[in-house]
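Q: Have a look at the structure that comes next, please.
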Amino acid sequence: MWRGEQVSVVLPTYNEVGSIQDVVEAFEVLEPVDEIIVVNNNAAAGTSEAVARTTAREVFEPVQGYGAAIRRGLAEARGDLIVLCEPDSTFDPSDLLKLLPFTTDADVVFGSRTVQTFIWDGANMGRFLRWGNWFVAKLIEVIFGTNYLSDVGCTFRVMRRRTVEEMLPLFSISGSSFGLELLLRSVSLRHPFVQVPVRYRARVGTSSVTGDKSKAFLLGLEMIALVLRIRLWPGSLPARPLATDRDHRGLPTGSWSSGGEPAEARN
């Protein structure tokens, strides 16, 4: 708990079987953390066994995609403050203690991986990715009139529950560019935010997106198009539920939010 508010951590996983247990355990020892949710998005064999050795609650999201996993995790989280992070060891969970104090004045605290001082040797943040993120961030600053941004692709962030509840019915994307959609929805709704540098380390395993330069380049173009689309033609990106059997927040009918136990969960 952080200053009287419960803290939930959401970790979407697909190909992090080699690191997921260590990351969960690193969050477990942080005093403010009350709940850890691992969203198994058709993850690699052995993932459930690794999660079962921790106190995390595992939720299964069958709709494939980075965005689908995060949307499900956000809907499942029960805390007043909801933390997103990657379970691939690229982030240091203890940096959460650096982000939380800013929730006193901001509803959303975004991490930033583009400050050279905090980029560790071996991290996948070369010149192309760093400057690409910076360019899209500055584009958002200009056309949305926001305060300072330097990174649009950092998963590590903290959000107040009320901002998450406001955004959940609006989401459209289930794939790799969802993190940017979340940022843009928040900016469009004028949520007070701040961006704070976090440490960025080498990944355990290979990313299915940024590990491939051609995929990363195409994702960059998709991100620029998404920024322009939401700013200039917001009606062209309507809300899309993850599946037909979900409520407006993305939870399956009969889940805990409707009065039952967590759907498809273990631990």
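Q: Please go through the stretch 107-117 and pick out each residue that is surrounded by fewer than 20 Cβ atoms within 10 Å (Cβ to Cβ) and either modelled with pLDDT of 95 or more or over 25 Å from Val187 (Cα atoms) (or both).
A: The answer is Gln116, Thr117.
Q: Shifting gears a bit: Scan the stretch 41-48 and give yes if some residue there is buried (at least 18 other Cβ atoms within 10 Å of the Cβ), at pLDDT 95 or above, within 15 Å of the chain's Cα centre (by Cα) and not small (Gly, Ala, Ser), otherwise no.
A: Yes, the conditions are met somewhere in the stretch 41-48.
Q: In the stretch 147-184, how many residues are touching a Phe, Trp or Tyr at 6+ places or on another chain (Cβ under 7 Å) and either among the charged types (D, E, K, R) or surrounded by fewer than 23 Cβ atoms within 10 Å (Cβ to Cβ) (or both)?
A: 6
Q: Could you give me the residue pairs with C-beta distances under 6 Å whose first residue belongs to the stretch 152-165 and is over 25 Å from Leu139 (Cβ atoms), whose second residue is surrounded by fewer than 23 Cβ atoms within 10 Å (Cβ to Cβ) and not aliphatic (A, V, I, L, M) wherever it lies, and which are 6+ apart or on separate chains?
A: What qualifies is Arg160/Asp107; Arg161/Asp80.
Q: Quick one: how many residues across the stretch 125-142 are modelled with pLDDT under 75 and surrounded by 18 or more Cβ atoms within 10 Å (Cβ to Cβ)?
A: Number satisfying all stated conditions: 1.
Q: Could I ask something else about it? Could you give me the residue pairs with C-beta distances under 8 Å whose first residue belongs to the stretch 79-93 and is of a type in the set (S, T, N, Q), whose second residue is not in a loop (DSSP other than H, G, I, E, B) wherever it lies, and which are 6+ apart or on separate chains?
A: Cβ pairs passing all conditions: Ser89/Asp22; Ser89/Val23; Thr90/Tyr200.
Q: Being touching a Ser or Thr at 6+ places or on another chain (Cβ under 8 Å) and surrounded by fewer than 21 Cβ atoms within 10 Å (Cβ to Cβ) is the filter here; which residues of the stretch 185-195 pass it?
A: Across the stretch 185-195, the qualifying residues are Leu189, His191.
The values are calculated or read from the model by the stated rules, or taken from the named source; none is laboratory data. Only a predicted model underlies this, so the values are computations on that prediction, with no experimental measurement involved. Cβ sites come from the backbone with ideal geometry, for glycine too, and all protein chains shown count toward neighbours.
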